[in-house]
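Taken together, the values in this text are just the output of simple stated rules run on the coordinates, not laboratory data. As the structure is a computational prediction, the values presented were derived from the model and not from experiment. Cβ coordinates were reconstructed from backbone atoms using ideal geometry, including for glycine residues, and neighbour counts include every protein chain displayed.
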Amino acid sequence: MKVNPLKYFILFVCVSLLSNIKAQEKPVDLVNPFVDTHNSRWFYFNSASRPFGMVNLSPDTDTDKTWSSGYLYDSDSIRCFSHIHAWQLAGVAVMPTTGDFKGHLGMDEYQSAFSHDGEIAKPGYHKVHLKDYDTQVELTSTTRVGFHRYKFPENSQKSIIFDTGARLAHGPTTFSKVWKVSDTEIAGVQVLSKTGRRPKDTPIYFIAQLNVPYDSFKGWENAALLEGETDTIQGVNAGVGLLFENDEAEEVLMKVAISYVSVEQARKNLEAEIDHWNFDQIVNESLDTWNDWLSRIEIKGGTHKQQVKFYTDLWHALLGRRIISDFDGKYTDMTGESPVTRTVRLDKDGKPLFPHYNFDAWWGSHWSLNILWSMAYPELMDGFCNTMVDMYDNGGLIPRGPSGGNYTFVMIGDPSVSFFATAYNKGIRNYDIEKAYEGLRKNAFVGGSRDHAGYEHNFPAFGGGMQYYIDQGWVPEGIKAKGGHKDGASMTMEYAYQDWCLAQLSKALGQEDDYALFMKRSLNYKNLWNPETKMIHPREMDGSWIKDFKPVSESFNSRGFCESNSAIYTHYVPQDMSGLIELFGGKDVYNAFLDSSFVKGEKLHFVGANKNHAASWIDYGNQPGTGMGNLFNYSGAPWLSQKWMRKVKETYGDITPYGGYHGDEDQGQMGALGVLMAMGLFELDGGASVKPYYEITSPIFDELTIYLNNDYYPGDKFVIKTANNSADNDYIQSAKLNNANLDNCWFYHDDFANGGVLELKLGKEPNKEWGIKVPPPSFKQKD
């Protein structure tokens, strides 16, 4: 066969150019917002949003409920473009249309078909074409202002619908009001009905400005258009349409600012954040902002797919929780009987030191966000700690998940204590630690937040079972109280870990009596260890073991366990792994049990069958099981942590709309976990120790650099380098930290904070002699 050298030269040049283009991609260019959008959740999909933005502007294909709502990839129609996609919050739905006005008929009538052809979604930007109206929609935003650009067809009746009375996601709108300010501006408020989780109605205020005047202002209430001229509409199921008849309206720009305080505050947000009409400038600024945040961690090597998943994970970790304070620091406190406008702490120039946030619970964040943020984004820890101290000042409790300024009592326990312990013990301390400690200590006793079962809003509350926990050292099944998640075994296991976190904070603050008290309580997990089943076994009110006990369950809820089962919660002892291993009968017995769990869990892709969290031995699709792969570092078999974490990471490595998280990417927690797995670093205790440390598994990249924030850490950067990295080389052969041999499978946070280089040599076969001489601290205590 005759070889054509020119053909191969051209091919070589093309491949080289493609490789060069790939190498030059910025982190923001590698993010794929469409990952796992086939089964979205209202707050999951965000395109035109800044980090933690108050505004999260994106298309909505499904609007009827909290789950399977927002933007779903396989839906064929867009119902609206709304500005708030948050936990228990939604609002300000708009829709550009052409032809006969149909706003009053509802979204079923005015929705439009669309396709993914030509659709673009990036961090801070979305572009899509509405087929029914032949209209191109582009979206971008600042933190508190959504910016729209519509390109309408020529010679058409054009309108922009503000469906302020529509139901979005979590529940109905109880009332809305919109009024005309001028022929280029409207303002309004919509009141979101309370939900079972957010216990009070929540108003959202907005102001919208357009670059071209609208010709008429058309309103409706209860599907009936209002007759005659009006400048104001209000009521239930109300809304307005802005109609354009002139040819100058072929391209319409619109800015929509929101506030939870007032219309005046929304106007201040708009004036402070976008004082011009340059849409492309805001797009570029948004992309640059995201790139700056994502570039705190830089990667080299790995496949393009792995790079995309890494930065998509990191993007999610910086996205899901929301700023609710205005540009000047004002926010609405809803913890009391009536709303109160308050202001966050300001600097000497009158600028907010930190925003005020709303967020789902920190439940499980000790194995995700707490670790990642404290490493690369310590200022976020400070901001959220300040929010929680504010809420303690305002309402008397450190929250475990606020929404709309309300306490929600989402999930169980007091996971905020691990967040504070990690922050404080890593030197992140720009908040009132004395108030924080006072509130966290209150939560650890009767009457604190632990006493509230899931969404148990009444006071006093009993569903959390703290009186039982204090009196007998464990929480039984069958507590009669309002609220959900009254799962005594899960509560006991989590309370014990949270007691240990509070003990670490007590120790750091010199509270020695509290330290002794909470360290003793941290061993309460042993009260649910059944020597016969050799697992954590729930107990009835009379102290007997529950009957028909099974490690896994085919029902969605395994009795005694919150969204999980005994096969997973038996290992939920990050504070005392040596004690747990001793109960099992030693390292060999424990390793055999845990390894067999992973073998069985791999068959179900490390997630509950059919997303049933109680049905799997290993579940990386929900919080309680997300530390299990790292447990072998404590049981003398670190090579098994290296093996299984690589397998889990590969299983969760999909970057299509049909995979990537296998369930619930809970406001950045699963994204943060994915980043940690790719880095090969973890903290089983969540980083809450008085002297924090990191455990090591095998990274998936050739080199990874974490740039350190010098307001918190003295070092410039921490670099992780691998040699012989490949898909087949899962196992660490040797390690060096700052050119010195590292024989342990862990190192202290101080080494990280001072900056340095961790070098790992990988191989195909496990080195069973590396990392076993000195196990990670396990805080063994005498009974």
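Peptides 227-235, 704-712, 200-208 ranked from most to least packed, by the mean per-residue count of other Cβ atoms within 10 Å: 200-208, 704-712, 227-235.
Label positions at Asp288 and Asn738, each projected 7 Å from the Cα along the C-beta direction, are separated by 3.7 nm.
Counting other Cβ atoms within 10 Å as a rough exposure proxy, the listed residues Thr335, Thr492 run Thr335, Thr492 from fewest neighbours to most.
Structural descriptor for the chain: relative contact order 10 percent, calculated from alpha carbon pairs under 8 angstrom and at least 6 residues apart. Cβ crowding within 10 Å ranks Thr195, Thr97 as Thr195, Thr97, fewest other Cβ atoms first. Mind grabbing the base-10 log of I(q)/I(0) for region 90-141 at q = 0.18, 0.20, 0.24 Å⁻¹? Debye formula, identical points on the C-alpha positions, no solvent, two decimal places. One equal scatterer on each Cα of region 90-141 leads to -0.66, -0.80, -1.03.
When the C-alpha to C-alpha distance is required to be over 21 Å, the pairs from Lys131/Lys177; Lys300/Lys761; Lys520/Lys587; Lys435/Lys507 that qualify are Lys131/Lys177; Lys520/Lys587. Cross-linked pairs Lys102/Lys127; Lys480/Lys547; Lys26/Lys151; Lys534/Lys773: Cα-Cα separations exceed 26 Å for Lys26/Lys151; Lys534/Lys773. Please tell me the relative contact order of region 27-293 in percent, rounded to the nearest whole number, where contacts are Cα pairs under 8 Å and at least six residues apart. Dividing the mean separation by the residue count of region 27-293 yields 19 percent. Normalised by the number of residues in region 494-599, the mean separation of alpha-carbon contacts (under 8 Å, six or more apart) gives a relative contact order of 19 percent.
Among Asp288, Asp390, Asp751, Asp576, sorting on how many other beta-carbon atoms sit within 10 Å of each Cβ, with the fewest leading, yields Asp288, Asp751, Asp576, Asp390. Estimated purely from DSSP H runs of n ≥ 4, each contributing -39500 (n - 2.57), the mean residue ellipticity at 222 nm for the chain is -8000 deg cm²/dmol once divided by its residues. For the Cα trace of region 543-593, dividing Rg by the Kirkwood Rh returns an Rg/Rh value of 1.02. Rounded to whole Å, the principal axis extents of the Cα atoms in the chain read 86, 81, 56, largest first. Other residues whose C-beta falls under 12 angstrom from the C-beta of Gln190 contribute a net charge of 0, scoring Lys and Arg +1 and Asp and Glu -1.
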